[in-house]
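S.K.: Got a structure for you, questions after.
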Amino acid sequence: MRHALALAAWVALEASAAEPLSSQAAFDEAVQYDCNARPAALAAPETETLGERRYVWNGTTVQVRRTGKVPATVKLGLLAGIKDFEPETKALLEVDLREFEARDVEAIVVGGDSGEQPEVLEALYGFLATATARPVLAIAGNTERVGAHNHALLQQRLAGHRHLINMGSVRRFDGQGVDVVAVSGYHDQRYLHQTGACLYTDRALDEAAALAAQADDPVVLLSHGPPRQRGDKALDFVPGIGNVGDPALGALLEKAKIRFGAFGHILEAGGQGTDLGGRPVAPGKTVPSLYVNQGSANTLPWKLNAGPTSHGLAAVLTVGPKGGSYEVLRAPKP
């Protein structure tokens, strides 16, 4: 078992981390080229209010609480596979953001493969910086260069849009009723599109397990690629190839008892949810444990394993103490 990190090991990780930094801005700068930042804390946590939320920054963790009315259920808006920022893509994202707003999501998750070119990443995150005031939790996938991805997010944060959170740097989002723990990048070097893309390590998975152990709410693991599952209904099934997910990620979910997850990458398996083994879960059904592939938020057509052709997908994940459910947002055929 590659990932057996428990709370005792977390103490060792913190002891090996760098000295506490003076500010979250200093932390952002220190980790701007990291794929998955090492555990770190500030000398003193920083508190600021952005819109209707209070943020408490502390290195690799941020706590976010609403200053107004708290919704009865906790929802996350899920995006991945955006890939470009063409006018059609921007228009679809605007529709998705309106749907997320109507459902009062706690945060918007951007699960990687957002764009290969630096200018695309800068345009996309510049759009999200002003298009929503909700927390945006973003990771790199297998296509982005880490430096370009992190730079695009850092520029927006320096411009005052601090609700955009690089989850390769801030590894744990302590939300109101849900915690999101992230592993940025991808597990298989053969599928990294560019030099400088992010290959995550065993250490990053061990740290994710330790961060999940600190959570005081149900945990959603955010990673670009899915865990290894079984069968042709699984989130990692590619026709003609089989199940291609990461076995170590599956072991992490099982060992750390992380009951929820959001994974993109396998576009054919988009728009569906499963249990950990890969058995399908119907949209709208509440189950104790749920893992979702939100699909690609791009208008280019893509044949899905479940049958229909996608012209752009997003999802809403609802999480609570009794379990989770999901809703698929499907763009119509152009």
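S.K.: Leu128: without any contact (Cβ under 8 Å) to a residue 60 or more places away in the chain, touching a Ser or Thr at 6+ places or on another chain (Cβ under 6 Å) and part of a helix (DSSP H, G or I), yes or no? Write out each step before concluding.
M.R.: On the way: without any contact (Cβ under 8 Å) to a residue 60 or more places away in the chain: yes; touching a Ser or Thr at 6+ places or on another chain (Cβ under 6 Å): no; part of a helix (DSSP H, G or I): yes.
When the stated conditions are applied, Leu128 does not pass them.
S.K.: Filter segment 184-228 down to residues that are touching an Asp or Glu at 6+ places or on another chain (Cβ under 9 Å) and among the charged types (D, E, K, R) and give me whichever is nearest to Asn243 (Cα to Cα).
M.R.: Selected residue: Arg228.
S.K.: Also, quick follow-up: If only one of Ala262, Ala269 is among the small types (Gly, Ala, Ser) and closer than 30 Å to Lys69 by Cα, which one is it?
M.R.: Values: Ala269 fails: closer than 30 Å to Lys69 by Cα.
Exactly one of Ala262, Ala269 is among the small types (Gly, Ala, Ser) and closer than 30 Å to Lys69 by Cα, namely Ala262.
S.K.: Can you spot a residue in segment 172-183 that is in contact (Cβ under 8 Å) with a residue 12 or more places away in the chain, under 14 Å from the mean Cα position of the chain (by Cα), buried (at least 20 other Cβ atoms within 10 Å of the Cβ) and not in a strand (DSSP E or B)? Spell out the reasoning first.
M.R.: Here is the first cut: in segment 172-183, the residues in contact (Cβ under 8 Å) with a residue 12 or more places away in the chain are 172-183.
Then keep just the ones that are under 14 Å from the mean Cα position of the chain (by Cα); that gives 172-175, 178-183.
With buried (at least 20 other Cβ atoms within 10 Å of the Cβ) added as a condition, the list becomes 172-175, 178-183.
This time we only want the ones that are not in a strand (DSSP E or B), so: 175, 178.
Looking through segment 172-183, at least one residue is in contact (Cβ under 8 Å) with a residue 12 or more places away in the chain, under 14 Å from the mean Cα position of the chain (by Cα), buried (at least 20 other Cβ atoms within 10 Å of the Cβ) and not in a strand (DSSP E or B).
A quick yes/no check of all residues on (1) surrounded by 17 or more Cβ atoms within 10 Å (Cβ to Cβ); (2) farther than 27 Å from Gly323 by Cβ; (3) modelled with pLDDT of 95 or more:
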| site | (1), (2), (3) |
| --- | --- |
| Ala17 | no, yes, no |
| Ala37 | yes, yes, yes |
| Glu48 | no, yes, yes |
| Gly59 | yes, yes, yes |
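S.K.: Of all residues being out of contact with any strand residue (DSSP E or B) (no Cβ under 7 Å at 6 or more places or on another chain) and surrounded by fewer than 18 Cβ atoms within 10 Å (Cβ to Cβ) in segment 292-334, which is farthest from Asp104 (Cα to Cα)? Just the residue, please.
M.R.: Gly307
S.K.: Give the residue, chosen from Ser114, Ser169, that is hydroxyl-bearing (Ser, Thr, Tyr), touching a residue at least 60 places away in the same chain (Cβ under 8 Å) and either within 20 Å of Leu253 (Cα to Cα) or surrounded by 20 or more Cβ atoms within 10 Å (Cβ to Cβ) (or both).
M.R.: When all the criteria are applied, what remains is Ser169.
S.K.: Just the residues that are surrounded by 15 or more Cβ atoms within 10 Å (Cβ to Cβ) and free of Cβ contacts under 8 Å to residues at least 40 places away in the same chain, please, taken from segment 61-100.
M.R.: Selection gives Lys90, Leu97.
S.K.: Among the numbered criteria (1) surrounded by 15 or more Cβ atoms within 10 Å (Cβ to Cβ); (2) farther than 22 Å from Val110 by Cα, which single criterion is violated by Thr286?
M.R.: Single failed check for Thr286: (1).
The values are calculated or read from the model by the stated rules, or taken from the named source; none is laboratory data. This is a predicted model, so every value here is computed, not measured. Positions of Cβ are backbone-derived with ideal geometry, glycine not excepted, and every protein chain shown enters the neighbour counts.
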